[in-house]
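**Student:** Take a look at the following structure, please.
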Amino acid sequence: MRIGVVAPARTVSQESAARMAAFMALTYPQHDIVFHPQCFVTENHFAGSDKVRAAAFLEFANDPGFDAIWFARGGYGSNRILEMVMPHLGPAARTKTYMGFSDMGFMLGALYARRIGFPCHASMASGMGKNDKGADTGWALSWLIDRDKSGLEPSLLDGKPAAAFNLSILTALIGTPWMPDLTDHVLMIEEVGEPMYRVDRMLFTMAHATQLKGLAGVRLGAISAVVDNDVDFGESGEFMMHRWCKEMGVPYLGRCEIGHVALNRVVPFGVSVHG
(Lines give C-alpha, C1' and ligand atoms only; values in the text may rest on other atoms or scores of the structure.)
Protein backbone atom coordinates (compact mmCIF):
# COMPACT_ATOMS: atom_id res chain seq x y z
CA MET A 1 0.00 0.00 0.00
CA ARG A 2 1.11 3.54 -0.77
CA ILE A 3 -0.28 6.17 1.61
CA GLY A 4 -0.33 9.85 0.69
CA VAL A 5 -0.34 12.48 3.43
CA VAL A 6 -1.75 15.96 2.88
CA ALA A 7 -2.56 18.81 5.26
CA PRO A 8 -5.88 20.51 4.39
CA ALA A 9 -5.71 22.58 7.59
CA ARG A 10 -2.50 23.30 9.51
CA THR A 11 1.22 22.74 9.03
CA VAL A 12 3.07 19.61 10.12
CA SER A 13 6.60 19.72 11.52
CA GLN A 14 9.42 17.87 9.81
CA GLU A 15 10.08 16.17 13.15
CA SER A 16 6.53 14.85 13.34
CA ALA A 17 6.71 13.51 9.79
CA ALA A 18 10.05 11.84 10.52
CA ARG A 19 8.59 10.10 13.58
CA MET A 20 5.72 8.75 11.53
CA ALA A 21 8.01 7.61 8.71
CA ALA A 22 10.18 5.80 11.25
CA PHE A 23 7.13 4.17 12.83
CA MET A 24 5.98 2.99 9.41
CA ALA A 25 9.44 1.62 8.62
CA LEU A 26 9.42 -0.40 11.84
CA THR A 27 5.85 -1.67 11.74
CA TYR A 28 4.96 -1.83 8.03
CA PRO A 29 8.27 -1.83 6.12
CA GLN A 30 6.65 -3.22 2.97
CA HIS A 31 4.36 -0.19 2.66
CA ASP A 32 5.13 3.43 1.73
CA ILE A 33 4.08 6.72 3.27
CA VAL A 34 4.62 9.95 1.32
CA PHE A 35 4.19 13.41 2.85
CA HIS A 36 3.28 16.00 0.25
CA PRO A 37 5.69 19.00 0.43
CA GLN A 38 2.62 21.15 1.08
CA CYS A 39 2.40 19.63 4.58
CA PHE A 40 5.38 21.75 5.64
CA VAL A 41 4.27 25.06 4.12
CA THR A 42 3.05 27.80 6.44
CA GLU A 43 0.88 30.74 5.46
CA ASN A 44 -0.75 32.52 8.38
CA HIS A 45 -2.81 29.93 10.27
CA PHE A 46 -2.71 27.36 7.48
CA ALA A 47 -0.47 24.87 5.70
CA GLY A 48 -0.37 27.10 2.66
CA SER A 49 -3.07 29.18 1.01
CA ASP A 50 -6.47 27.71 0.25
CA LYS A 51 -5.37 27.15 -3.36
CA VAL A 52 -2.16 25.41 -2.30
CA ARG A 53 -3.95 23.11 0.13
CA ALA A 54 -6.67 22.29 -2.39
CA ALA A 55 -4.15 21.53 -5.14
CA ALA A 56 -2.17 19.18 -2.88
CA PHE A 57 -5.29 17.28 -1.87
CA LEU A 58 -6.48 16.91 -5.46
CA GLU A 59 -3.02 15.86 -6.67
CA PHE A 60 -2.80 12.93 -4.24
CA ALA A 61 -6.51 12.03 -4.21
CA ASN A 62 -6.65 11.80 -8.02
CA ASP A 63 -3.34 9.92 -8.30
CA PRO A 64 -4.00 6.19 -8.89
CA GLY A 65 -0.54 5.51 -7.45
CA PHE A 66 -1.87 6.17 -3.92
CA ASP A 67 -4.19 3.73 -2.20
CA ALA A 68 -5.19 5.97 0.71
CA ILE A 69 -5.10 9.56 1.91
CA TRP A 70 -4.10 10.04 5.54
CA PHE A 71 -4.74 13.57 6.74
CA ALA A 72 -1.77 15.11 8.50
CA ARG A 73 -3.25 17.36 11.15
CA GLY A 74 -6.40 19.05 12.36
CA GLY A 75 -6.75 22.57 13.69
CA TYR A 76 -8.90 24.59 11.32
CA GLY A 77 -9.17 25.09 7.59
CA SER A 78 -10.35 22.06 5.65
CA ASN A 79 -13.85 23.56 5.25
CA ARG A 80 -12.36 26.44 3.27
CA ILE A 81 -11.34 24.15 0.39
CA LEU A 82 -14.42 21.92 0.06
CA GLU A 83 -15.90 23.96 -2.80
CA MET A 84 -12.53 23.86 -4.57
CA VAL A 85 -11.94 20.12 -4.38
CA MET A 86 -15.16 18.09 -4.21
CA PRO A 87 -16.32 18.76 -7.81
CA HIS A 88 -12.87 17.80 -9.15
CA LEU A 89 -12.34 14.37 -7.59
CA GLY A 90 -11.92 11.81 -10.35
CA PRO A 91 -12.21 8.01 -10.63
CA ALA A 92 -9.01 7.29 -8.67
CA ALA A 93 -10.30 9.33 -5.72
CA ARG A 94 -13.37 7.10 -5.43
CA THR A 95 -11.40 3.98 -4.50
CA LYS A 96 -9.33 5.42 -1.64
CA THR A 97 -9.71 5.36 2.12
CA TYR A 98 -9.58 8.85 3.69
CA MET A 99 -8.51 8.86 7.32
CA GLY A 100 -8.44 11.57 10.01
CA PHE A 101 -10.64 13.27 12.60
CA SER A 102 -11.26 16.61 14.33
CA ASP A 103 -11.27 19.38 11.68
CA MET A 104 -10.98 16.67 9.03
CA GLY A 105 -14.61 15.90 9.81
CA PHE A 106 -15.41 18.54 7.20
CA MET A 107 -13.59 16.48 4.57
CA LEU A 108 -14.87 13.12 5.79
CA GLY A 109 -18.46 14.36 5.94
CA ALA A 110 -18.35 15.91 2.48
CA LEU A 111 -16.80 12.77 0.99
CA TYR A 112 -19.36 10.54 2.68
CA ALA A 113 -22.23 12.75 1.54
CA ARG A 114 -21.11 12.11 -2.05
CA ARG A 115 -20.13 8.47 -1.45
CA ILE A 116 -16.59 9.20 -2.59
CA GLY A 117 -14.11 6.67 -1.26
CA PHE A 118 -14.17 5.27 2.25
CA PRO A 119 -14.00 7.95 4.99
CA CYS A 120 -12.76 6.83 8.37
CA HIS A 121 -12.48 8.58 11.74
CA ALA A 122 -9.05 7.76 13.20
CA SER A 123 -5.89 9.40 14.50
CA MET A 124 -3.82 11.40 12.04
CA ALA A 125 -0.34 11.19 10.57
CA SER A 126 1.03 13.79 13.00
CA GLY A 127 -0.61 12.16 16.00
CA MET A 128 2.46 10.46 17.42
CA GLY A 129 4.19 12.56 20.06
CA LYS A 130 7.75 12.26 21.35
CA ASN A 131 6.74 10.09 24.30
CA ASP A 132 3.78 8.44 22.60
CA LYS A 133 3.78 4.65 22.41
CA GLY A 134 1.64 4.95 19.30
CA ALA A 135 -1.35 2.78 20.25
CA ASP A 136 -3.98 4.85 18.44
CA THR A 137 -1.65 5.44 15.48
CA GLY A 138 -1.08 1.70 15.30
CA TRP A 139 -4.84 1.11 15.34
CA ALA A 140 -5.29 3.58 12.51
CA LEU A 141 -2.58 2.01 10.37
CA SER A 142 -3.64 -1.56 11.07
CA TRP A 143 -7.16 -0.74 9.93
CA LEU A 144 -5.93 1.20 6.91
CA ILE A 145 -3.50 -1.45 5.72
CA ASP A 146 -4.85 -4.77 6.99
CA ARG A 147 -8.46 -3.94 7.89
CA ASP A 148 -7.51 -5.21 11.33
CA LYS A 149 -10.59 -4.88 13.55
CA SER A 150 -8.74 -4.77 16.88
CA GLY A 151 -8.60 -0.96 16.91
CA LEU A 152 -12.23 -0.39 16.00
CA GLU A 153 -14.67 1.28 18.38
CA PRO A 154 -16.08 -1.72 20.34
CA SER A 155 -19.73 -0.69 19.95
CA LEU A 156 -19.45 -1.29 16.21
CA LEU A 157 -20.04 -4.93 17.08
CA ASP A 158 -23.76 -4.10 16.95
CA GLY A 159 -23.42 -4.12 13.16
CA LYS A 160 -25.07 -0.73 12.64
CA PRO A 161 -23.52 1.83 10.29
CA ALA A 162 -21.84 4.67 12.15
CA ALA A 163 -20.18 8.04 11.71
CA ALA A 164 -18.00 10.01 14.12
CA PHE A 165 -17.51 13.77 14.40
CA ASN A 166 -16.09 16.44 16.61
CA LEU A 167 -19.21 18.23 17.86
CA SER A 168 -18.02 21.68 16.76
CA ILE A 169 -17.43 20.38 13.24
CA LEU A 170 -20.76 18.57 13.15
CA THR A 171 -22.72 21.66 14.13
CA ALA A 172 -20.82 23.72 11.55
CA LEU A 173 -21.78 21.17 8.87
CA ILE A 174 -25.47 21.21 9.78
CA GLY A 175 -27.48 23.27 7.29
CA THR A 176 -24.84 22.98 4.56
CA PRO A 177 -24.72 20.75 1.45
CA TRP A 178 -21.66 19.03 2.92
CA MET A 179 -23.64 17.33 5.68
CA PRO A 180 -24.13 13.62 4.89
CA ASP A 181 -27.39 11.73 5.31
CA LEU A 182 -26.97 9.72 8.52
CA THR A 183 -30.36 8.03 8.53
CA ASP A 184 -30.16 4.75 10.47
CA HIS A 185 -26.59 5.52 11.55
CA VAL A 186 -25.19 5.65 15.06
CA LEU A 187 -23.70 9.13 15.48
CA MET A 188 -20.62 9.33 17.70
CA ILE A 189 -19.47 12.73 18.95
CA GLU A 190 -16.56 14.14 20.93
CA GLU A 191 -15.30 17.61 21.85
CA VAL A 192 -12.15 19.36 23.00
CA GLY A 193 -11.22 22.76 24.35
CA GLU A 194 -14.69 24.16 25.01
CA PRO A 195 -16.54 25.22 28.19
CA MET A 196 -19.44 22.96 29.04
CA TYR A 197 -22.10 25.57 28.31
CA ARG A 198 -20.90 25.70 24.70
CA VAL A 199 -21.05 21.91 24.50
CA ASP A 200 -24.63 22.13 25.73
CA ARG A 201 -25.44 24.79 23.14
CA MET A 202 -24.03 22.65 20.34
CA LEU A 203 -26.03 19.67 21.57
CA PHE A 204 -29.14 21.83 21.24
CA THR A 205 -28.26 22.38 17.58
CA MET A 206 -27.65 18.67 17.09
CA ALA A 207 -30.94 17.75 18.76
CA HIS A 208 -33.03 20.06 16.55
CA ALA A 209 -31.22 19.70 13.23
CA THR A 210 -33.61 18.56 10.50
CA GLN A 211 -30.67 16.97 8.66
CA LEU A 212 -30.17 14.56 11.56
CA LYS A 213 -33.65 13.08 11.62
CA GLY A 214 -33.69 9.30 11.54
CA LEU A 215 -30.56 8.53 13.54
CA ALA A 216 -30.39 5.06 15.09
CA GLY A 217 -28.79 6.54 18.21
CA VAL A 218 -26.04 8.75 19.60
CA ARG A 219 -22.89 7.89 21.55
CA LEU A 220 -20.59 10.22 23.48
CA GLY A 221 -16.82 10.08 23.30
CA ALA A 222 -14.37 12.17 25.32
CA ILE A 223 -15.06 15.77 26.28
CA SER A 224 -11.48 16.80 26.94
CA ALA A 225 -9.49 19.91 27.88
CA VAL A 226 -12.68 21.56 29.14
CA VAL A 227 -12.31 25.33 29.49
CA ASP A 228 -13.27 26.60 32.94
CA ASN A 229 -16.20 28.97 33.18
CA ASP A 230 -16.53 31.68 35.85
CA VAL A 231 -19.65 29.88 37.08
CA ASP A 232 -19.53 26.09 37.10
CA PHE A 233 -22.02 24.74 34.57
CA GLY A 234 -22.89 21.92 36.92
CA GLU A 235 -23.94 19.29 34.37
CA SER A 236 -21.87 16.36 33.16
CA GLY A 237 -21.59 15.23 29.58
CA GLU A 238 -23.70 12.19 30.40
CA PHE A 239 -26.45 14.36 31.88
CA MET A 240 -26.51 16.61 28.85
CA MET A 241 -26.61 13.67 26.46
CA HIS A 242 -29.59 12.11 28.19
CA ARG A 243 -31.41 15.46 28.13
CA TRP A 244 -30.80 16.35 24.49
CA CYS A 245 -31.24 12.83 23.10
CA LYS A 246 -34.62 12.68 24.82
CA GLU A 247 -35.57 16.00 23.22
CA MET A 248 -34.23 14.72 19.91
CA GLY A 249 -36.29 11.55 20.19
CA VAL A 250 -33.22 9.39 19.61
CA PRO A 251 -31.76 6.74 21.95
CA TYR A 252 -28.65 7.67 23.90
CA LEU A 253 -26.57 4.51 23.55
CA GLY A 254 -23.80 5.33 26.04
CA ARG A 255 -20.11 6.04 25.67
CA CYS A 256 -17.66 5.39 22.85
CA GLU A 257 -13.86 5.46 22.85
CA ILE A 258 -13.11 8.39 20.54
CA GLY A 259 -11.78 11.90 21.00
CA HIS A 260 -8.75 14.09 21.47
CA VAL A 261 -7.31 11.59 23.92
CA ALA A 262 -4.85 8.69 23.75
CA LEU A 263 -7.74 6.23 23.43
CA ASN A 264 -9.06 7.29 20.04
CA ARG A 265 -10.64 4.32 18.34
CA VAL A 266 -11.23 3.82 14.62
CA VAL A 267 -14.74 4.44 13.23
CA PRO A 268 -15.22 3.73 9.51
CA PHE A 269 -18.13 5.74 8.15
CA GLY A 270 -21.09 3.58 7.28
CA VAL A 271 -19.12 0.36 7.61
CA SER A 272 -19.82 -2.18 10.29
CA VAL A 273 -17.33 -4.78 11.47
CA HIS A 274 -19.45 -7.30 9.63
CA GLY A 275 -19.10 -5.42 6.37
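The values are calculated or read from the model by the stated rules, or taken from the named source; none is laboratory data. Computed from a predicted structure; not experimentally measured. So basically every Cβ, Gly included, is an ideal-geometry build from the backbone, and we count neighbours across all protein chains shown. Surface accessibility is based on the protein's heavy atoms, side chains included, excluding ligands, DNA and RNA. Shrake-Rupley method; radii C 1.70, N 1.55, O 1.52, S 1.80 Å.
**Student:** Using Cα-only point scatterers and the Debye equation, what is log10 of I(q)/I(0) for the chain at each q in 0.07, 0.15 Å⁻¹, rounded to two decimals?
**Tutor:** Calculated log10 I(q)/I(0) at the listed q: -0.23, -1.11.
**Student:** Give me the distance in nm between label points sitting 7 Å out from Cα along the Cα-to-Cβ direction at A22 and V34, one decimal.
**Tutor:** So the two model labels end up 2.4 nm from each other.
**Student:** Quick one: angle between helix 196-208 and the longest Cα principal axis of the chain, in degrees between 0 and 90, rounded to 10, please.
**Tutor:** 90 degrees
**Student:** Same structure again: For the range 166-226, place one equal point scatterer on every Cα, skip the solvent, and apply the Debye formula. What is log10 of I(q)/I(0) at q = 0.14, 0.27, 0.30 Å⁻¹?
**Tutor:** Values, matching the q order: -0.37, -1.25, -1.42.
**Student:** Round to the nearest 10 and report in Å² the accessible area of L220, as given by a 1.4 Å probe over the protein chains' heavy atoms.
**Tutor:** The accessible area of L220 comes to roughly 10 Å².
**Student:** Express the carbon and sulfur contribution to the solvent-accessible surface of the chain as a percent, rounded to the nearest whole number, probe 1.4 angstrom.
**Tutor:** 54 percent
**Student:** Could you state the accessible area per residue of the chain in Å², with a 1.4 Å probe and every protein chain left in place?
**Tutor:** 42 Å²
**Student:** Have a look at F118, G138, V261 and report the one farthest towards the positive end of the charge dipole of the chain, computed about the Cα centre with Cβ charges (Lys/Arg +1, Asp/Glu -1).
**Tutor:** F118
**Student:** Towards the positive end of the charge dipole of the chain, with charges on Cβ (+1 Lys, Arg; -1 Asp, Glu), say which of L220, M84, V199 has the farthest Cα.
**Tutor:** M84
**Student:** Would you work out the Kirkwood radius for the range 153-275? I mean one over the mean of 1/r across all pairs of different Cα atoms, in Å.
**Tutor:** 14.6 Å
**Student:** State, as an integer percentage, the relative contact order of the chain based on alpha-carbon contacts under 8 Å between residues 6 or more apart. Walk me through the intermediate numbers first.
**Tutor:** Numbers: 581 pairs, mean separation 47.8, N = 275.
About 17 percent, as a whole number.
**Student:** For a 30 Å ceiling on Cα separation, which of these pairs sit above it: K51/K96; K149/K246; K96/K149; K160/K246? Please list the in-between numbers first.
**Tutor:** Details: K51/K96 22 Å; K149/K246 32 Å; K96/K149 18 Å; K160/K246 20 Å.
Long pairs (Cα-Cα over 30 Å): K149/K246.
**Student:** Relative to the longest principal axis of the chain, what angle (0 to 90°, nearest 10) does the C-alpha long axis of helix 237-248 take?
**Tutor:** Once rounded, one gets 70 degrees.
**Student:** Cα centroid distance between the range 134-159 and the range 199-275, in Å?
**Tutor:** 21 Å
**Student:** Treating only the Cβ of Lys, Arg, Asp and Glu as charged (+1, +1, -1, -1), what charge dipole size does the range 107-182 show about its Cα centre? Round to the nearest 20 debye.
**Tutor:** It works out to roughly 140 debye.
**Student:** Report the net charge of residues surrounding S150, where surrounding means a beta-carbon distance below 15 angstrom and charges are Lys +1, Arg +1, Asp -1, Glu -1.
**Tutor:** -2
**Student:** How long are the semi-axes of the equivalent ellipsoid of the range 25-77, taking √(5λ) for every eigenvalue λ of the Cα gyration tensor, in whole Å from largest down?
**Tutor:** 23, 14, 9
**Student:** For K213, list the aspartates and glutamates whose Cα falls under 14 Å from its own Cα; do not include residues on the same chain fewer than 8 positions away.
**Tutor:** Once the sequence-local aspartates and glutamates are set aside, what remains near K213 is D181, D184, E247.
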